[in-house]
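The values are calculated or read from the model by the stated rules, or taken from the named source; none is laboratory data. Source: prediction; values computed, not measured. Heads up, the Cβs are rebuilt from the backbone with ideal geometry, glycines too, and the neighbour counts pull from every protein chain shown. Only protein heavy atoms, including side chains, enter the accessible area calculation; ligands, DNA and RNA are left aside. Shrake-Rupley method; radii C 1.70, N 1.55, O 1.52, S 1.80 Å.
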Amino acid sequence: MRTIRVLFASLALAMPATLIGQIQLSISIGPPALPVYEQPLCPGDGYLWTPGYWAYDESATGYYWVDGEWVMAPEQGLLWTPPYWGWGDGGYRFHEGYWGSEVGFYGGINYGFGYSGSGYDGGRWDHGQFFYNRSANNVDVARNRNVYDTHFRSQNESRVSFNGGSGGIEARASSEQEAAGRQRHVAPVAVQIEHAQTARVSPTFRSSSNRGNQPGAVSTRPEAVNEHRAAEPRPVIEAIRPEGAGATVEPRAEQPTRQPENNQTRRLVHPNDLTPIARPDPTNSGNAKADRKYEQQQGNLITRQNQDRQNLQQRQDSEHQQLSRQKATDSRTQQVEQKHQQQTQQLSNRHEAQQQSLQARQPKQQNKQDRPDKKN
């Protein structure tokens, strides 16, 4: 029987932002292979691609997939170094990603879309503007004005998702990557943390359910979960610095978030852009009392969520009116729209998590023999 020992795995995403990255896991089974999936269209200038990765949570039955997303950088000039799993001290450990002026070491993992194992070929900053490499990203020149096209070669074509150990990527940090690891870092922003939390509570994102494929992704072939084990796994908890001693990690910043709800290609800027909340089909578990209670809970939740949408829309409309009265500049208007997009996506993610939590309490279908007999 598999032995998986994890310390505080289920608490990692629930901790304050300043503590994320200080808890390090050591587990015995490596993550699945990276799935094949398509990158959604870039929503506009200023968004950077953060590739998908496998995270771990004991309460979520092991590994779960956190899909890639477009995220606004917390500051101009910062780039994203993806997280990775690496072998060390008899187990697999998760190295959290971070924002920095240079891309550091991410295990030699080929995440695709410009993250081919070393560095980043998907784009670059130039005079405060981010320019996108069309060879690496799904961009539309109507949305993204700063575009170039440069072909590049991947460091490896493997879809292995971990570094070191048996079957892992054999890559080591270069002196430049080690130096980047000692520079000032900014931890994942709040939008990224919330995105990971949403994936954690969704059963469809678990490797045990999706067989190592990204839910909803276009996958060319299924991948089984990696069966490699570590010898004598042991739990570890320690304060660590991301990628190198001396690196300064700053708190996460609130930033505009990814667009597409349900993998749509349109931008969700305001609550009115969201798909109307659909009332689920009536339940029929065989327990009429439990079914009525559950349907009432569903109705109450939908009412509250619709009120949340209405309240947020009113606040955003008020800000639009204020901008109009002030004759705000295009730059100021764009900042407000980015804030609105962040608010809307966070609201959508929170509502989705609430719905999933309630669905987990849905009355179970009773077997015929379990139902109480009717008295004549």
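A compact table of results
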item: Segment 273-359, dipole about Cα centre (Lys/Arg Cβ +1, Asp/Glu Cβ -1), debye to the nearest 20; result: 280
item: Largest-first ordering by accessible area, 1.4 Å probe, given options K327, K339; result: K327, K339
item: Qualifying GluC sites (Glu not before Pro) in segment 28-115, DSSP loop, other Cβ atoms within 10 Å at most 14; result: E38, E75
item: Additional length obtainable on full extension of the chain from R153 to R182, 0.36 nm per residue less Cα span; result: 7.7 nm
item: Accessible area of F131 in the full protein assembly, 1.4 Å probe (Å², nearest 10); result: 50
item: Area of V141 that stays accessible when all protein chains are in place (1.4 Å probe, Å², to 10); result: 90
item: Tensor-based shape of segment 135-189 (alpha-carbon gyration tensor, a/c under 1.5 rounded, otherwise prolate or oblate); result: oblate
item: Rounded accessible area of R206 (nearest 10 Å², 1.4 Å probe); result: 60
item: Segment 17-145: C-alpha gyration tensor shape, a/c 1.5 cut-off, then a/b vs b/c; result: prolate
item: Rounded, prolate or oblate (a/c below 1.5 giving rounded, otherwise prolate when a/b exceeds b/c) for segment 301-352 by Cα gyration tensor; result: oblate
